[in-house]
Amino acid sequence: MRFIILTLFPEFFHSPLSSSMLKKGQERGAVSFEIVNIRDFATDKHRTTDDTPYGGGEGMVMKPEPIVAALDSLGSGSDRPYRILLSPQGCPLHQARVEELARKPTLALVCGRYEGVDARVSHFVDEELSIGDYVLSGGEVAALVVVDAVSRLVPGTLGSPASTSAESFSDGLLEYPHYTRPAEFRGLRVPDVLLSGDHAAIARWRRQESLRRTWERRPDLLSRARLSDEDRAFLRSIGARLDG
Ligand code: ADE
């Protein structure tokens, strides 16, 4: 999987892309990164990338020409990467979309600055994506979130074939709680069932804790989750109300 990041701050990415999973993913040849400096596509002598907003107001707006020239330089036809503009006005990112993005051969991620990007840029991207309902100082952090969430689903990025199917959100539920040694820590004991060696009982407990957590913390997720009759019976037993 190839990522191309278009930014005014290339240095922002140096450390995150050379640490941990993303470093290993590159060493294994599973993912690759190219950083494109949008300023290199400004044509005036001051290499200007922003300007004051038409209609007045605070802040500066990123000019469309350097961004679109940078995107056009990345290839067309079958070489054209899938183009994403990171923006708080975009569609909210969630795990199902991450899974779809992980199937694209190349993603081009355009990082805007927080005051905004000329609205005409949206005609030159395939989608606008937000990582949540809060405003960041720029799209760089958001691009890294996309890179991390997508990369870990690309085969070969994580060391062992990760069981991503048991994780939070993969079936629309939050994940069950995890424990490791010691069996007791500051008076808090690991649930007995996890020490029992009874694999069927452990699997049942984990499913139920996943359901309980989702009901307690994110009841909005339950209406879209894949639930069995047994799941529904358990949820009713803890007083959860289910729609439909
Ligand atoms: N740029 C600024 N805030 C953002 C957000 N929440 N998501 C994506 N890009 C952004």
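Quick notes
- Any hit, the range 103-117, residues being surrounded by 13 or more Cβ atoms within 10 Å (Cβ to Cβ), assigned by TED's automatic domain parsing to the domain that holds THR48 and assigned to a helix (DSSP H, G or I): no
- Taken together, the residues in the range 61-94 that are away from the ligand (no atom under 16 Å from the Cβ) and of a type outside the set (Phe, Trp, Tyr) amount to 18.
- Against the numbered list (1) surrounded by 15 or more Cβ atoms within 10 Å (Cβ to Cβ); (2) farther than 29 Å from GLY29 by Cα; (3) modelled with pLDDT of 95 or more, ARG97 comes up short only at (2).
- The set of residues in the range 65-83 being free of Cβ contacts under 8 Å to residues at least 60 places away in the same chain and either in contact with a Ser or Thr (Cβ under 7 Å, 6 or more places away or on another chain) or not in a loop (DSSP other than H, G, I, E, B) (or both) consists of GLU65, PRO66, VAL68, ALA69, ASP72, GLY77, SER78, ASP79, TYR82, ARG83.
- Selected residue (only one of LYS63, LYS45 is surrounded by 17 or more Cβ atoms within 10 Å (Cβ to Cβ), among the basic types (Lys, Arg) and modelled with pLDDT of 95 or more): LYS63
- Qualifying residue in the range 130-146 (condition: surrounded by 11 or more Cβ atoms within 10 Å (Cβ to Cβ), more than 15 Å from the ligand (Cβ to nearest atom) and in a helix (DSSP H, G or I)): no
- Tally, over the range 111-126, of residues that are within 12 Å of the ligand (Cβ to nearest atom) and on the phi < 0 side of the Ramachandran plot: 6
- Selected residue (criterion: surrounded by the fewest Cβ atoms within 10 Å (Cβ to Cβ)) from residues of the range 147-160 that are in contact (Cβ under 8 Å) with a residue 60 or more places away in the chain and within 16 Å of the ligand (Cβ to nearest atom): ASP148
- Residues located in the range 1-57, provided they are aliphatic (A, V, I, L, M), within 16 Å of ALA142 (Cα to Cα) and in a helix (DSSP H, G or I): LEU17, LEU22
The values are calculated or read from the model by the stated rules, or taken from the named source; none is laboratory data. Note that the structure is predicted; figures quoted are calculated from it, not measured. Reconstructed Cβ throughout: ideal geometry from the backbone, glycine too, with neighbour counts over all protein chains shown.
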